[in-house]
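The values are calculated or read from the model by the stated rules, or taken from the named source; none is laboratory data. On a predicted model such as this, the values are computed, not experimentally measured, just so you know. Heads up, the Cβs are rebuilt from the backbone with ideal geometry, glycines too, and the neighbour counts pull from every protein chain shown.
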Amino acid sequence: EAKNLGSNNFVLYQADMAKQIVQRRELENELREAIKEDQLFLVYQPRFDIHAGRIHSVEALVRWLHPRHGLLMPDQFIPLAEESGIITDLTDWVLVNACRDIGKEFNHISVSVNISPIEFKDSDVTTRIKNVLAATHFPAERLELEVTETVTLCSPENAHTVMQELKTLGIRLLIDDFGTGYASFYYLHSFPFHGIKIDKSFIFAMNDSQSAKSIVEKIIGLGKDYNLEVTAEGIETQEQLQQLIKYKCDVAQGYYIGRPVSLEALKDNLHIIECNIEARCDATL
Ligand code: C2E
Ligand code: MG
Ligand code: MG
Ligand code: MG
């Protein structure tokens, strides 16, 4: 009997797999359409320069309003985009829209865009980005690119060359989710990064762990030794912000600073957001 159950389960499992493959293909095709038909949209989360007391850039985060599934978050379609090769078109869409949006509404703040590590395997990233900057008339000095440290592991020589080209254009490169990868600080330093973004898991852990606080303090110290701008991601509380200011962190990002919002909301509320954060920072002194 158990054997029977087992084989039934296997049949079910197979049917399940087949269904998943079909659904995946479907989602893949729908994502291609979504890019063409502007079903994607961007929200922007402020990055606050603690020393200067102002918002110096916003991170563009992609969303997909799917006709049947509703709102999809990046974790639900970025991996698919990476595996199917759609990521190149998706990134181009994000870059064009982010540069156009921010260039149109602001003349001082920068925008940062997430790039998948696999895109650094090709040598044409630089060309693609140059094209976007030309098409949108957006200054390279106001574009930041975020990439996880795995970029330095999969095809290091090419990644290094591409990054150097981007840096020469005036673009700033940031290591995203810092601390979750495997690359050593020393190795990372040989790449032309402008800054690091400490992963939010470290910031969350500061709540109830003295050792997590001390790790964050040390990462910030190391970042400074290597002349890197240090951002803390995922700041949700006054206490976390207070600690980070004490540790001389450069840039603050997180729900406590500001949630990701639409371009319209950003435009209407930039000053309010800025004043609120300033007050919150001052309150910690
Ligand atoms: P990320 O680049 O590390 O972005 C930060 C994520 O943390 C965002 O999630 C943001 O909404 C969220 N977050 C910000 N502050 C807080 C906070 O205080 N608490 C908590 N719990 N979360 C916070 P989101 O928008 O869901 O994006 C998830 C990831 O998807 C991003 O992580 C990034 O790796 C990827 N992603 C987003 N947009 C794009 C894109 O346009 N292209 C690519 N390749 N990846 C993207
Ligand atoms: Mg990011
Ligand atoms: Mg990321
Ligand atoms: Mg991150």
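What to note about this one:
- Against the numbered list (1) touching a strand residue (DSSP E or B) at 6+ places or on another chain (Cβ under 7 Å); (2) surrounded by 19 or more Cβ atoms within 10 Å (Cβ to Cβ), HIS66 comes up short only at (2).
- Matching residues in region 148-192 - criterion: being in a loop (DSSP other than H, G, I, E, B), under 24 Å from ASN131 (Cβ atoms) and not polar (S, T, N, Q): GLY170, ILE171, PHE191, PRO192
- Inside region 146-176, residues that are at pLDDT below 95, within 12 Å of ligand 1 (Cβ to nearest atom) and either surrounded by fewer than 16 Cβ atoms within 10 Å (Cβ to Cβ) or not hydrophobic (A, V, I, L, M, F, W, C) (or both) make up a count of 2.
- PRO117 being surrounded by 15 or more Cβ atoms within 10 Å (Cβ to Cβ) and within 16 Å of ligand 2 (Cβ to nearest atom): yes
- Every condition in (1) modelled with pLDDT of 95 or more; (2) surrounded by fewer than 18 Cβ atoms within 10 Å (Cβ to Cβ); (3) of a type in the set (Gly, Ala, Ser) is met by SER184 except one, and the failing one is (1).
- Looking at ILE257, ILE235, ILE272, just one residue is under 18 Å from ILE109 (Cα atoms) and either buried (at least 19 other Cβ atoms within 10 Å of the Cβ) or of a type in the set (D, E, K, R) (or both), and that residue is ILE257.
- Filtered residue count, region 152-182, keeping only those that are without any contact (Cβ under 8 Å) to a residue 40 or more places away in the chain, within 15 Å of ligand 3 (Cβ to nearest atom) and aliphatic (A, V, I, L, M): 2
- Of residues in region 94-124 being in a helix (DSSP H, G or I) and out of contact with any strand residue (DSSP E or B) (no Cβ under 9 Å at 6 or more places or on another chain), the one nearest to ASP268 (Cα to Cα): GLU105
Conditions tested, residue by residue: (1) surrounded by 21 or more Cβ atoms within 10 Å (Cβ to Cβ); (2) at pLDDT 95 or above; (3) in contact with a Phe, Trp or Tyr (Cβ under 6 Å, 6 or more places away or on another chain); (4) among the β-branched types (Val, Ile, Thr).
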| residue | (1), (2), (3), (4) |
| --- | --- |
| ILE78 | no, yes, no, yes |
| LYS104 | no, yes, no, no |
| SER110 | no, yes, no, no |
| VAL113 | yes, yes, no, yes |
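- A residue that is part of a helix (DSSP H, G or I), more than 16 Å from ligand 4 (Cβ to nearest atom), among the aliphatic types (A, V, I, L, M) and at pLDDT 95 or above can be found somewhere in region 138-145.
- Residue that is in contact (Cβ under 8 Å) with a residue 12 or more places away in the chain, more than 29 Å from HIS160 (Cβ to Cβ), out of contact with any Lys or Arg (no Cβ under 6 Å at 6 or more places or on another chain) and aromatic (Phe, Trp, Tyr), where the choices are TYR226, TYR247: TYR247
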